[in-house]
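Notes for the one structure printed next.
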Amino acid sequence: MPDEAPTVRRFPMRVYGAGREPDPRFSLANERTFLAWIRTSLALVAAGVALEALELPIAEGLRLASALVFIVLGLLAPAQAWLGWAATERAMRQGRPLPAPRLGVVLAGGTTVAGLLVLAGLLLR
């Protein structure tokens, strides 16, 4: 039947299979937020690698600890990106309130801890 629209399968179906299609502007804004979390992830991993790769005047044990915290946070940020994107897209499709970030507090607290470790390492060198 030529008048029927083709069936489009989109991944993930648990997101796209629910509710109605939202305004494209909101979906695109949600995608930009996803990409911002990915950029944040790259920056956190780069900070951790830089702390260990460069000869910085920071106490060695604290430098390693802060580098590991930054890298672990950089590995968690993509999880926040994906889970946050999916939950927000589902909420928009179902007309529900938007969810809060799941790992935002962990990432904020971890970044603070890593920064304090760097500061302590500078003061104790």
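The values are calculated or read from the model by the stated rules, or taken from the named source; none is laboratory data. Only a predicted model underlies this, so the values are computations on that prediction, with no experimental measurement involved. A quick note on method: Cβ atoms are made from the backbone with ideal geometry, for glycine too, and the neighbour counts reach across all protein chains shown.
Descriptive notes on the structure:
- For the stretch 46-58, the criterion of being at pLDDT 95 or above, surrounded by 18 or more Cβ atoms within 10 Å (Cβ to Cβ) and more than 25 Å from Arg125 (Cα to Cα) is met by none of the residues.
- Per the listing Glu21, Glu52, the residue uniquely assigned to a helix (DSSP H, G or I) and out of contact with any strand residue (DSSP E or B) (no Cβ under 6 Å at 6 or more places or on another chain) is Glu52.
- Across the stretch 62-95, the number of residues qualifying as in contact (Cβ under 8 Å) with a residue 60 or more places away in the chain and either among the hydrophobic types (A, V, I, L, M, F, W, C) or assigned to a helix (DSSP H, G or I) (or both) comes to 7.
- As a summary of the residue check, Phe26 satisfies the conditions (1) exposed (fewer than 12 other Cβ atoms within 10 Å of the Cβ); (2) in a helix (DSSP H, G or I); (3) in contact (Cβ under 8 Å) with a residue 40 or more places away in the chain except for the one numbered (1).
- Every test in (1) closer than 22 Å to Phe70 by Cα; (2) out of contact with any helix residue (DSSP H, G or I) (no Cβ under 7 Å at 6 or more places or on another chain) is passed by Ala120 save one, and that test is (2).
- Candidates Gly84, Gly95: the one that is small (Gly, Ala, Ser) and either surrounded by fewer than 17 Cβ atoms within 10 Å (Cβ to Cβ) or more than 18 Å from Gly17 (Cα to Cα) (or both) is Gly95.
- Of the candidates Arg90, Arg63, Arg125, the single residue that is among the basic types (Lys, Arg) and either surrounded by fewer than 16 Cβ atoms within 10 Å (Cβ to Cβ) or in contact with a Lys or Arg (Cβ under 6 Å, 6 or more places away or on another chain) (or both) is Arg125.
- Contact annotation: no residue pair with Cβ atoms under 9 Å, 6 or more positions apart or on different chains, pairs a residue in the stretch 98-125 that is farther than 25 Å from Pro57 by Cα and assigned to a loop (DSSP other than H, G, I, E, B) with a partner that is of a type in the set (Val, Ile, Thr) and at pLDDT below 95.
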